[in-house]
Amino acid sequence: MNSKEQQLTPVSMEMHYKVSGFLNMEYRLLDEERFTEWLALMDEDIHYWMPGIENRRRENLLSEGFYDANHMAFFDDGKLDLSRRVARFSQPSAWAENPATRNVHSLSNVEVFEGESESELLVYSVFQSVRSRGQDEEYVIFGRRRDLLVKNGDSFKIRKRLILMPNATLSCKNINTFL
Amino acid sequence: MSNIIKTLDATDCLEGIESVCDIESGRISGKIFYDQKIYEQELEKVFARCWLFVGHDSQIKKTGDYITTTMGEDEVIVIRQKSGGVKVLLNACPHRGNKVCFSESGSTRGFICNYHGWSFNVEGNLTGQHESGIYEDSNFDKSKWGLKEVAKVASYKGLIFATFDPESPSLEEYLGPMTWYLDALFDNQEGGTEFVGGCIRSTYECNWKIAAENFVGDILHAGWTHDSAARAMLGGAVSKVSDFEESYSVNWNGHGYEFALDTVGNVAVLGDSQLNKYLHTIKPSVAERLGDFRSNMIGSVSSCTIFPNFSFLAGQNTVRIWQPRGPNKIELFTWVVVNKSASQDIKDRWRKGAMMTFSPTGVFEMDDGENWEYCTKTAKGKVTAKQDLYIGLGMDSYLEDTDLPGNVYKGQLNEANSRAYYQRWQDLLQSKSWADVPNRNKGKAEVEK
């Protein structure tokens with residue numbers, strides 16, 4: 001554990017339970033294609049970011065190691081971008097989504113810490129996304145996530161999400177879901 | 001001894017390859033998307049012979065800067081030399097063949113093989129080995145065992161190409177008048193272009209030609225395939241291409257560019273008015289630089305493939321290679337290109353916009369993948385693979401009287417470029433040497449001044 005991590009304060013058991021429940025609910029909304037409700041969980045200032053992972057030598061790392069804020073990304077979205085993606089899924093002419101892609105999202109290794117302000121929470125987790133399409137296509141993506149949640153009454157909003165896949169080459173044709 | 005890797009001796013052409021497609025009748029066959037024997041011939045007669053895109057100048061600025069990529073399925077290192085030039089080296093140690101560079105890009109003083117410690121400098125010369133004394137005992141001549149270079153490397157406006165074949169025509173001759181059209185994206189401002197950092201790689205279960213052909217001349221699919229994406233990004237359908245008063249399909253040596261003259265039809269789908277505004281702002285200076293005609297192409301509804309597997313969209317500014325990985329698999333490498341002289345804000349907007357539309361998460365590209373994979377997979381059926389596939393649109397649309405360079409066809413809703421692409425492919429597979437490849441160009445090789 002580095003010195004930065006020692007400064008992190010774990011939240012109470014009750015708050016941890018609430019956050020886990022919220023994130024599980026978020027994933028169920030995706031699996032049930034309830035995109036409008038899912039979008040409503042995003043803060044107006046959301047930065048939803050999944051940088052491209054670059055396979056580089058240790059002596060040639062980027063500003064963030066295997067990724068860089070100024071490089072290409074799978075997602076580098078604000079609320080408008082996310083709403084456009086949702087709009088695309090919702091079009092009857094999204095031919096490739098009929099028959100629908102069947103999704104199972106799951107989350108594990110959840111760690112919840114207090115954020116920089118009282119209303120913020122920092123959440124580390126590991127995600128797994130399994131998609132099946134058509135008769136026999138199956139795609140699995142694993143990765144780590146770092147979320148910044150803000151308290152919103154009895155629930156939360158997602159203000160920042162960083163999604164890190166280990167793969168430098170995506171082993172399938174697309175990511176037609178959220179992670 | 002030359003340090004150039006020897007190219008392949010051409011094997012005999014596949015029996016019956018001349019009739020697998022009948023381009024003049026507007027017919028191709030699904031067999032060309034799934035057949036292992038045809039694929040083996042492609043690696044030899046297309047990828048080991050043609051000029052292939054390997055990178056952009058801006059990716060390797062300083063001595064020792066490198067990127068790794070593939071030419072066909074051959075792994076190569078593209079590295080900037082002290083002289084300012086570029087070498088393309090086989091990424092395989094000449095001792096046991098182990099890969100010497102495992103990273104996709106970086107900066108280095110050389111490469112050391114993990115297996116027996118053979119080390120090579122930026123020029124590819126062998127400079128030492130673990131236990132070097134034993135090599136001296138065997139009268140080993142170090143000068144003969146550097147990393148092998150490809151036969152030729154050349155560039156056009158920052159785009160670096162390489163070929164394994166010393167007999168191939170010059171890059172200038174290979175590209176021909178297509179360069180006049182390439183300038184609309186790659187040289188529309190002083191200083192030219194640069195690639196945004198990074199390279200997104202993904203995997204499709206499709207034949208490489210299906211994807212390349214989509215960019216060589218298939219705008220027809222856009223209005224239908226991409227309807228959902230257009231509605232999401234624009235709030236309405238994409239421009240109706242048949243409404244354009246003037247549009248063209250131009251090809252040369254199998255390369256093809258289809259385009260309208262609407263200036264911003266492509267950029268508009270990024271849904272960022274600042275980018276439309278940028279193109280409108282630079283348009284007068286483009287007109288001064290390239291003339292009025294090409295100033296209308298800077299972000300118009302258009303697409304281009306340089307044969308065999310390098311494609312781009314002006315306006316979306318996505319640049320890609322469809323890397324062959326077997327008859328029914330590709331790795332897609334994508335980059336984003338921007339004008340060097342543009343502001344950082346404009347460059348960032350393009351980086352995001354291109355990814356939002358044309359990338360594995362791009363709302364447009366998602367629909368392409370499905371189509372291309374199943375165009376390929378249906379050909380798994382032996383009987384289905386023999387079915388004729390129609391490719392006859394615009395059969396009589398050749399324009400004799402035009403000042404435009406290249407083989408010019410009227411209208412971009414036209415399969416002329418696709419036919420020329422498959423014709424070139426079939427010509428190469430039927431030819432044991434470059435001298436045997438027929439010249440099917442009938443348009444102007446140069447622009448009339």
- Hey, got a sec? Which trypsin sites (Lys or Arg not before Pro) in the stretch B:396-443 land in a DSSP loop and have at most 16 other Cβ atoms within 10 Å? B:K432, B:R440, B:K442
- Rounded to the nearest 100 Å², the accessible area buried between B and A, both sides, probe 1.4 Å, is 3500
- Query: If the viscosity is 0.890 mPa s and the temperature 25 °C, what Stokes-Einstein diffusion coefficient in µm²/s follows for the protein assembly as shown when Rh is the Kirkwood radius over Cα pairs?
  - Reply: 94
- Peptide B:344-352, shielding by other chains (average Cβ, 10 Å cutoff): 2
- Counting only protein heavy atoms with a 1.4 Å probe and every protein chain in place, the carbon and sulfur fraction of the accessible surface of the protein assembly as shown in whole percent equals 48
- Item | Distance between modelled label sites at A:M25 and A:T169, nm, 7 Å Cα→Cβ extension | 4.2
- Task: Could you grab the relative contact order for the stretch B:176-436? Cα pairs under 8 Å, six or more apart, rounded to a whole percent.
- Result: 30
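Based on alpha-carbon atoms only, what is the radius of gyration of chain B relative to the globular estimate 2.2 N^0.38 Å? If you can, show how the numbers build up before the last one.
Numbers: Rg = 22.3 Å, N = 449, 2.2 N^0.38 = 22.4 Å.
Against the empirical 2.2 N^0.38 Å value, I get 0.99 for chain B.
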- Taking chain B as the reference, fit the longest principal axis to its C-alpha atoms, fit the long axis of helix B:273-290 to the helix C-alpha atoms, and give the angle between the two in degrees, 0 to 90, nearest 10. 80
- Accessible surface of B:L404 - all protein chains present, 1.4 Å probe, nearest 10 Å²: 20
- Reach of A:K79 by Cα under 22 Å, taken over lysines that are not fewer than 8 positions away in the same chain: A:K151, A:K157, A:K160, B:K347, B:K352
- Accessible area, probe 1.4 Å, largest first, for residues B:I4, A:I46, B:I112: B:I112, B:I4, A:I46
- Sequence of B:V383, B:V337 from largest to smallest accessible area, 1.4 Å probe: B:V383, B:V337
- Query: Tell me, which longest segment in chain B has none of the GluC sites (Glu not before Pro) that fall in DSSP loops with at most 16 further Cβ atoms within 10 Å?
  - Reply: B:247-399
- Note down the relative contact order for chain B as a percent, whole number, built from C-alpha pairs under 8 angstrom at least six residues apart. 21
- Cys in chain B lacking any partner Cβ under 4.7 Å -> B:C13, B:C21, B:C50, B:C101, B:C199, B:C206, B:C304, B:C375
- Query: How high is the relative contact order of the stretch B:319-401, in percent, with contacts defined as C-alpha pairs under 8 Å that are six or more residues apart?
  - Reply: 14
- Whole-Hz Karplus couplings 3J(HN,Hα) for the stretch B:87-95, θ = phi - 60° and coefficients 6.51, -1.76, 1.60, Gly and Pro as x, run 10, 10, 10, 5, 8, 7, 5, x, 8
- Query: For a label point 7 angstrom out from the Cα of B:S132 toward its Cβ, which stretches of the stretch B:94-118 have the backbone nitrogen within less than 15 Å?
  - Reply: B:110-113, B:117-118
- Query: So how far apart, in nm, are the two label points at B:F140 and B:E73 if each is 7 Å from Cα heading toward Cβ?
  - Reply: 3.0
- Compute the separation of the alpha-carbon centres of the stretch B:212-247 and the stretch B:1-47 and state it in Å as a whole number. 32
- Diagonalise the Cα gyration tensor of the stretch A:3-164 and give the resulting equivalent ellipsoid semi-axes, square root of 5 times each eigenvalue, largest first, whole Å. 27, 22, 16
- Message: Rolling a 1.4 angstrom probe over the protein chains, ignoring ligands and nucleic acids, what is the accessible area of B:D262 in square angstrom, nearest 10?
- Response: 40
- Query: Quick one: helix B:344-357 against the long Cα principal axis of chain B, what's the angle to the nearest 10°, folded into 0 to 90?
  - Reply: 80
- Once the piece of chain linking B:S83 and B:L14 is laid out straight, how much longer is it, given 0.36 nm per residue of separation minus the C-alpha distance between them? 20.5 nm
- Could you give me the ³J(HN,Hα) list for the stretch B:366-377, computed from phi with Karplus coefficients 6.51, -1.76, 1.60 and θ = phi - 60°, whole Hz, x at Gly and Pro? 3, 6, 4, x, 4, 4, 5, 5, 7, 4, 7, 5
- Residues with amide H under 5 Å from that of B:V86, placed H, sequence gap 5 or more: B:Q81
- Message: Tell me the accessible surface of B:K99 in square angstrom (1.4 angstrom probe, heavy atoms of protein chains only), to the nearest ten.
- Response: 60
- Item | Cβ-placed point charges (K, R +1; D, E -1), dipole of the stretch A:3-164 about Cα centre in debye, nearest 20 | 300
- Task: Treating only the Cβ atoms of Lys and Arg (+1) and Asp and Glu (-1) as charged, compute the dipole magnitude of the protein assembly as shown about its Cα centre; round to the nearest 20 debye.
- Result: 860
- the stretch B:382-395 - phi-based ³J(HN,Hα) in whole Hz, Karplus 6.51/-1.76/1.60, Gly and Pro as x: 4, 6, 4, 4, 8, 4, 5, 10, 6, 9, x, 5, x, 4
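The values are calculated or read from the model by the stated rules, or taken from the named source; none is laboratory data. Keep in mind that what you see is a predicted model, and the values were worked out from it rather than measured. Because the Cβ atoms are built from the backbone with ideal geometry, glycine has one as well, and the counts that use them run over all protein chains shown. Note: accessible area is taken over every heavy atom of the protein model, side chains too, but ligands, DNA and RNA are not part of it. Shrake-Rupley method; radii C 1.70, N 1.55, O 1.52, S 1.80 Å.
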